[in-house]
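Have a look at the structure below before the remarks.
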Amino acid sequence: MNTILIRGASLLGESAGDIVIANGVISEVGKTSTTAEVVIDATGLVALPGLVDLHTHLREPGGDSAETILTGSRAAAQGGFTAVHAMANTNPVADTAGIVETIFDRGLEVGLVEVRPIGAVTRGLGGEQLADIGGMARSRAKVTVFSDDGKCVGDSVLMRRALEYVSTFGGVVAQHAQDPRLTIDAQMNEGSVSAELGLAGWPRVAEESIIARDVLLAESVGARLHVCHVSTAGSVDVIRWAKKRGIAVTAEVTPHHLLLTDESVRGYSPLFKVNPPLRTATDVEALRAAVADGTIDIVATDHAPHPSSTKDCTWADASFGMVGLESALPIVQHALVDTGLVTWADVARFLSVTPASIGSVSGYDAPLRVGSPANVTLVDPSHRSVWGPDRLAGKSNNTPYADRELPGRIVHTLFRGVPTVMDGAVTDVNEMRNE
Ligand SMILES: [Zn+2]
């Protein structure tokens, strides 16, 4: 399959045009009379650059009852992603060159998306000694993003040293901002709902105080900081202040924090148990506004698959996290595009161009332009359907959106010119590459 013609797509949500792909690269954009071996009729579909996730838990090695690199890559493709960053909290932890290379190689072998391993900041996520950051950076996986996600780098000395170290080679530390002492046994957002339900509260200051400390640490050593899954209006204020001051900070928000609130916890369904917790309608509003005005740079999924044994149980016993790759674009459309807060061109920026730039993933700086690798996502924005397990392509079913009507459907995904999703279904790319 050497040439593909995508006919009549709305390019970045704007005027309709064709996209011609030759040998994995976009060779023409606009009105064309070129013919191709494969023609995709994209009338009514919006063409976006392939989506890039900076925050995915693929669970391999060690968590294959929840997800593997293969099943997580399928979930990513189904959601319109062509690159994902795999978080380091696997078993063993991705804290050495050997482990990140194993993950990187398995991603290449599966071939559905670009899998970029994230390296741990501290050895074994133990928070006591720095991991082999230099070794991971120099490895075949060329790691540039480092995170202890799932845990916060709480020690200020270690955090400063990590920031300083990664800045020597253009890397970034992605912090899971959660003061551990302020969140001992915390179960949900601290507020009137937690008081009513009798669940231990998770105060906003546990997140905001760490972000405030970290932006000042980043400033003091002239390093770049990325803040994972911002969940409160106060965090947005701190980040806005830091950016105004010229501090090199970027921030992400998850789709679920752009839609759901702690009111969802009233039914005690563990599907709504997530870290950081769902906050309030005021926070959701502030987070949406922050994406629209650029204070929050990107949307990242925090795709956190769990087997039913750790979700189909009591609230207290359940694991934190929800799957998010397949539903990310529908939630973004629902919360931000259909509400008029952002355009599809903005979506291309915060779900592809900017996350690729933060993660140093090449090929995403000129979306849908001639000469770029053909990473393309075609979405039908007029589609509406009730969300269900049939929309999930990964191994776990812990979605909080079951039975909710959502807009948008990813119809086709192309990864370097190879269709990874056709008519809404994940393809066997290795078979296709051999054709
Ligand atoms: Zn996290």
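Kindly list, by first and then second residue, each pair from a residue in segment 194-220 that is in contact (Cβ under 8 Å) with a residue 60 or more places away in the chain and closer than 30 Å to L163 by Cβ to a residue that is assigned to a helix (DSSP H, G or I) and hydrophobic (A, V, I, L, M, F, W, C), limited to pairs with Cβ atoms under 8 Å and residues at least 6 apart or on different chains.
From residues that are in contact (Cβ under 8 Å) with a residue 60 or more places away in the chain and closer than 30 Å to L163 by Cβ, the pairs are L217/M159; L217/L163.
Could you please find all residues in segment 326-384 being touching a residue at least 12 places away in the same chain (Cβ under 8 Å), part of a loop (DSSP other than H, G, I, E, B) and within 25 Å of P117 (Cβ to Cβ)?
E326, S327, G359, S360, V361, G363, Y364, D365, P367, S372, A374, N375, listed by residue number.
Among the residues of segment 81-101, are any among the aliphatic types (A, V, I, L, M), within 16 Å of the ligand (Cβ to nearest atom), outside any strand (DSSP E or B) and closer than 24 Å to V426 by Cβ?
Yes: one or more hits.
Would you point out which residue out of S147, S156, S167 is within 14 Å of the ligand (Cβ to nearest atom) and modelled with pLDDT of 95 or more? Give the steps one after another, and end with the answer.
Values: S156 fails: within 14 Å of the ligand (Cβ to nearest atom); S167 fails: within 14 Å of the ligand (Cβ to nearest atom).
After ruling out the rest, the residue left standing is S147.
Of everything in segment 296-312 that's away from the ligand (no atom under 16 Å from the Cβ) and either crowded, with 21+ Cβ neighbours inside 10 Å or not polar (S, T, N, Q) (or both), which residue is nearest to the chain's Cα centre (by Cα)?
Here the residue is D297.
Yes/no matrix, rows are residues, columns are (1) within 16 Å of the ligand (Cβ to nearest atom); (2) out of contact with any His (no Cβ under 7 Å at 6 or more places or on another chain); (3) assigned to a helix (DSSP H, G or I); (4) aromatic (F, W, Y):
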| position | (1), (2), (3), (4) |
| --- | --- |
| H226 | yes, yes, no, no |
| S235 | yes, yes, yes, no |
| N275 | yes, yes, no, no |
| A292 | no, yes, yes, no |
| T314 | no, yes, no, no |
| F320 | yes, yes, no, yes |
| V323 | yes, no, no, no |
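Within segment 237-273, how many residues are assigned to a loop (DSSP other than H, G, I, E, B) and either more than 17 Å from Q178 (Cα to Cα) or among the basic types (K, R) (or both)?
Within segment 237-273, residues that are assigned to a loop (DSSP other than H, G, I, E, B) and either more than 17 Å from Q178 (Cα to Cα) or among the basic types (K, R) (or both) number 11.
Being hydroxyl-bearing (S, T, Y) and crowded, with 18+ Cβ neighbours inside 10 Å is the filter; apply it to segment 143-166 and report the residue that is nearest to the chain's Cα centre (by Cα).
S147
Would you please list the contacts, defined by Cβ atoms under 7 Å and residues six or more apart or on different chains, that run from a residue in segment 147-167 that is within 21 Å of S319 (Cβ to Cβ) to a residue that is modelled with pLDDT of 95 or more and among the hydroxyl-bearing types (S, T, Y)?
Final answer for the pair search is D148/T122.
Here is a list: I211, I239. Which entry is farther than 27 Å from H334 by Cα, in contact with a Ser or Thr (Cβ under 9 Å, 6 or more places away or on another chain) and buried (at least 23 other Cβ atoms within 10 Å of the Cβ)?
Result: I211 is the single residue among I211, I239 that is farther than 27 Å from H334 by Cα, in contact with a Ser or Thr (Cβ under 9 Å, 6 or more places away or on another chain) and buried (at least 23 other Cβ atoms within 10 Å of the Cβ).
Looking at (1) out of contact with any strand residue (DSSP E or B) (no Cβ under 6 Å at 6 or more places or on another chain); (2) crowded, with 16+ Cβ neighbours inside 10 Å; (3) among the β-branched types (V, I, T), which is the only condition T35 fails?
Every listed condition holds for T35 apart from (2).
For segment 277-290, give me each residue that is within 16 Å of the ligand (Cβ to nearest atom) and either outside any helix (DSSP H, G or I) or of a type in the set (D, E) (or both).
P277, L278, R279
Taking segment 135-160, which residues are within 29 Å of A83 (Cβ to Cβ), of a type in the set (K, R) and in a helix (DSSP H, G or I)?
Residue satisfying the conditions is R138 alone.
Just give me the residues in segment 61-80 being away from the ligand (no atom under 16 Å from the Cβ), part of a loop (DSSP other than H, G, I, E, B) and of a type outside the set (D, E), in sequence order.
Of everything in segment 61-80, those that are away from the ligand (no atom under 16 Å from the Cβ), part of a loop (DSSP other than H, G, I, E, B) and of a type outside the set (D, E) turn out to be P61, G62, S65, T68, G79, G80.
Looking at (1) within 16 Å of the chain's Cα centre (by Cα); (2) of a type in the set (S, T, N, Q); (3) under 20 Å from V332 (Cα atoms), find the lone condition where N89 falls short.
Status for N89: all satisfied but (3).
So which residues in segment 175-203 are within 16 Å of the ligand (Cβ to nearest atom) and surrounded by fewer than 19 Cβ atoms within 10 Å (Cβ to Cβ)?
Correct list: D179, P180, L182.
The values are calculated or read from the model by the stated rules, or taken from the named source; none is laboratory data. For clarity, every value in this text was computed on a predicted model and none was experimentally measured. Glycine gets a Cβ as well: all are built from the backbone with ideal geometry, and neighbour counts include every protein chain shown.
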